[in-house]
Amino acid sequence: MIWTWVRVAAPADVAWRLLTDLERWPEWGPSVRSAHLDRGPFGPGARGRVETAVGIELPFEVTGFEAGRSWSWSVAGVPATGHRVESAGPAACRVGFGVPAIAFPYLVVCRIALARIAEIASREAASRPRD
């Protein structure tokens, strides 16, 4: 896998929720129009369907999962993007996307998604009530 990363001014849990809430994928994913699970929660072995920005609906399966840290998937049976969140303290993290080497041009799309995630997560963290 080839990885690209962004630093996010938000706690890791805020970024993780964005990465695992399928209803929010279209907010940050330029290639996603919608996504849903067939049943059950998002986690290891979860299956569902993702509709691409051009209207093609494809099956997916979560193939790797470490709660709060990372997940990967296959789309239409093909290994796809890896997603990772690493804490950088109580109010910051880094988020990374990895793609198989053969799909390295897709890193351009990943960079757009990461910039959107950084913006959304930072905004949500700033609006959280302070302790």
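Summary table
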quantity	calculated
Meets criteria (under 16 Å from the mean Cα position of the chain (by Cα) and either of a type in the set (D, E, K, R) or at pLDDT 95 or above (or both)) for residue 118	yes
Residue match in segment 7-17 (condition: over 25 Å from residue 129 (Cβ atoms), in contact (Cβ under 8 Å) with a residue 24 or more places away in the chain and surrounded by 15 or more Cβ atoms within 10 Å (Cβ to Cβ))	no
Residue within segment 48-67 that is at negative phi, basic (Lys, Arg) and under 14 Å from the mean Cα position of the chain (by Cα) present	no
Flag if residue 74 is polar (S, T, N, Q) and touching a helix residue (DSSP H, G or I) at 6+ places or on another chain (Cβ under 9 Å)	no
Pairs with Cβ under 8 Å, 6+ apart, first in segment 53-81 and among the acidic types (Asp, Glu), second surrounded by 13 or more Cβ atoms within 10 Å (Cβ to Cβ) and outside any strand (DSSP E or B)	61/46
Segment 84-108, subset touching a Gly at 6+ places or on another chain (Cβ under 8 Å) and aliphatic (A, V, I, L, M), residue nearest to residue 27 (Cα to Cα)	85
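The values are calculated or read from the model by the stated rules, or taken from the named source; none is laboratory data. The shown structure was predicted, so the numbers you read here are calculated from the model rather than taken from an experiment. All Cβ positions, glycine included, derive from the backbone under ideal geometry; neighbour counts span all protein chains shown.
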